[in-house]
Each structure stands twice: as C-alpha cells, then as structure tokens.
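A.B. asks: Handing you a structure now.
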Amino acid sequence: PEALVLERRQLRARALADLGRYAEGLQTLEGLDDGRSARLRAEINWRAKNWKATAATLEPLADQAARQEGPLSAEERRQILQLAISLALDGENQKIDALRQRFLARLEGTPEASAFEIVTDSLQRNASDIRQLTSAIAEVDELEAFMADYRDRLSKGGLEAIN
C-alpha cells in the first residue's frame, strides 16, 4: 500500500540522516509533499547545518501555524524557534523581524519564549548567542519526537497503523 511505501521512505531517510548521509536522506524524500516528510526534510537540513534549506522548509510550516487559531503545539513552537535560528545564521534579518512580529505574542509564556526573544531581538542578536542556542536545540532528542509520533499512531491503530 502507498501508506506503507511512504512510511518506509521516511524511515529510510531518517536512517540515512542518522548515519550522516544527509544528501541521500533528502533524496529519499524527493517528491513527497506531506507534512511528516516536510518536517523530516527540515530536520535533516537542520542536522546538516544547511540553514538556508532549513529555513525554506520551515517557512511554509510556520505560515500554516500562523493561520491556525489557538495555542501553538510544542512541535510548532520548536519549528518556529528553529526557523528563527536558521534565518539568523543565514543572515536574513528582515525575515527574522517579520517572524518576530508574527509569533512573539503567541510564544509568550512558553518554554521557547526567552530563546525566541533573544534570537529575534535586533539589539541582542549576535552570532555567539545564536550558536549557543543552536547547540542547545540540537541536543534535544529529535528521535524522541519521531518515536512519540509512532507511539501515538500505535495507540490509535495498533501495529496495522504502521504496517
């Protein structure tokens, strides 16, 4: 079934990225435009430190989050922070300022709020702060987020949800 083929391609892309074979992982995802593949593509680009590609992949996800009502999910907040850092490391100051206007209020009171403020504050924005934040975020166990998705899918549909 198509769903299983998609699942296997995503697993293969993640495995290749885990081996440091980022280009092959990204190539495995070519032609896939679903949300999970987009998030995985952003994750691989992030791990490869390809800030321009990370930002390009995360911008549509941020646009989608901006259009939704209510609080942002933990994943959305993490992606927005990653987008801000990627833009900063790529020197896209105008885009950072626009991102700050769109999300500062929505991130207020969340665990990501102070990091987002530092990255997007034009007066405090400097390379050393951003590199420290990048390191801290990179230490977040991305596999846990991936496995949480699988656990959720398993709880909803058993093994048939994956196979």
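None of the figures in this text is laboratory data; all of them are computed from the coordinates on show. Note that the structure is a prediction, hence the values are computed from the model and not measured. Don't worry about glycine lacking a Cβ; one is built from the backbone with ideal geometry, like all the others, and counts go over all protein chains shown.
A.B. asks: Evaluate E = 1/(1 + (r/R0)^6) for residue 68 and residue 97, where r is the Cβ-Cβ distance and R0 equals 22 Å; express this FRET efficiency to the nearest 0.05. Walk me through the numbers before you get to the answer.
C.D. replies: Working: r = 22 Å, r/R0 = 1.00.
Working from the Cβ atoms, E equals 0.50.
A.B. asks: Can you give the FRET efficiency for residue 30 and residue 117, using 1/(1 + (r/R0)^6), R0 = 25 Å, r = Cβ-Cβ distance, to the nearest 0.05? Intermediate results must be reported in sequence, preceding the final value.
C.D. replies: Values: r = 36 Å, r/R0 = 1.45.
Efficiency, from the Cβ-Cβ distance: 0.10.
A.B. asks: If you average the sequence gap of Cα pairs under 8 Å that are 6 or more apart and divide by the length of the range 1-85, what percent do you get for the contact order?
C.D. replies: Working: 62 pairs, mean separation 16.3, N = 85.
Relative contact order here is 19 percent.
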